[in-house]
Amino acid sequence: MPNVSSITEFLLLAVSDTRELQLLHFALFLGIYLAALLGNGLILSAVACHHRLHTPMYFFLLNLAFLDLGCISTTLPKAMANALWDTRAISYQGCAAQVFFFLFFISAEYYNLTIMAYDRYVAICKPLHYGSLVGSRACAQMAAAAWGSGFLNAVLHTANTFSLPLCHGNAVDQFFCEIPHILKLSCSDSYLREVWAVLFSIFLAFVCFVFIVLSYVQIFRAVLRMPSSQGRHKAFSTCLPHLAVVSLMISTSIFAYLKPPSISSPSLDLVVTLLYTVVPPVANPLIYSLRNQELRDSIRTLLEYTHRQQIHL
């Protein structure tokens, strides 16, 4: 019976069997990846270069852009390379690295979104205490906690998953290495330890979800009590993008992992996985820039400055 020590590579899901469709998928993935790089890169540059954006809200948005870039860079480049070179193989070490970094970035992003809900709650419901509760030191500590928690979560699941003996081949039914599909390859009596670790992570994610919901209940109650329509509009303009990003991430993830087995198929699993791994990093910059006039102005100023520099060169 083969085990993990005898496996040197995994075979990822082929997006297509025909060469023309493989090249089409490569072009599609490349366009999506470049859009994510451009959108998140603009946010990173705008926040870093404009002093008026050096506030806690934009600091956490900066972290979100970093995490989005890390998340999509973990999955798409390998999928593009496989489509371009007509291969399915990924090394054992590469698969382990992909699992680790994807879990690291996606977990840290979810914790960062939870912190962003807290930031909006304090800003709107406790504005007089905002400077003391969300100061520069507190921001650094909360960001470090999000990144550190994501790292520990990734170490836990990666170590558990890749210590399991694999008895059912090396074909992963996904376009990147994902824990549920690797567990399908493990021996039936050896994966319970990782299942308990997954349940613990789901519990933590649920606690974060409840915290976000309660925060927004308080936020909307406070906003609706504001006498000024301008104040309500400003509050909604800073909260709705974050709420849209959280909803997109949670809804696609829940559908990916909790959809009924009766409707499961390799093609549907591929589409759903693309929704929660690829769409959020591309959509998040658009969501934030559409509702945030201050961010749009900073990005426009940055683009105009870059254009003038190119003309002078």
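The values are calculated or read from the model by the stated rules, or taken from the named source; none is laboratory data. Just so you know, these numbers come straight off a predicted model, no measurement behind them. Glycine also receives a Cβ, built like all others from the backbone with ideal geometry; neighbour counts cover every protein chain displayed. Just the protein is used for accessible areas: all its heavy atoms, side chains included, with ligands, DNA and RNA removed. Shrake-Rupley method; radii C 1.70, N 1.55, O 1.52, S 1.80 Å.
Based on what the data block shows, is Phe26 part of a helix (DSSP H, G or I), surrounded by 16 or more Cβ atoms within 10 Å (Cβ to Cβ) and modelled with pLDDT of 90 or more? Please lay out each step first, then the result.
Working: part of a helix (DSSP H, G or I): yes; surrounded by 16 or more Cβ atoms within 10 Å (Cβ to Cβ): yes; modelled with pLDDT of 90 or more: yes.
Yes; evaluated as a whole, the condition is true for this residue.
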Inset, instruction - Grab the helices (runs of 4 or more DSSP H) fully contained in region 248-313, keeping just those with 2 or more residues being loosely packed, with under 12 Cβ neighbours inside 10 Å and modelled with pLDDT under 80. - result: 266-277, 293-312
Inset, instruction - Quick one: count up the residues across region 135-162 that are over 18 Å from Tyr110 (Cα atoms) and hydrophobic (A, V, I, L, M, F, W, C). - result: 3
Inset, instruction - Give the number of residues within region 48-60 that are part of a helix (DSSP H, G or I) and open to solvent by 10 Å² or more (accessible area, probe 1.4 Å). - result: 7
Legend entry - The one condition in (1) touching a Cys at 6+ places or on another chain (Cβ under 6 Å); (2) closer than 15 Å to Pro56 by Cβ that Ile106 fails to fulfil: (2)
Legend entry - Number of the exception - Glu20 against (1) open to solvent by 70 Å² or more (accessible area, probe 1.4 Å); (2) under 30 Å from Ala96 (Cβ atoms): (2)
Legend entry - Cβ pairs under 9 Å, 6+ apart, first in region 194-213 and over 24 Å from Tyr121 (Cβ atoms), second open to solvent by 30 Å² or more (accessible area, probe 1.4 Å) and not in a helix (DSSP H, G or I): Glu194/Ser163
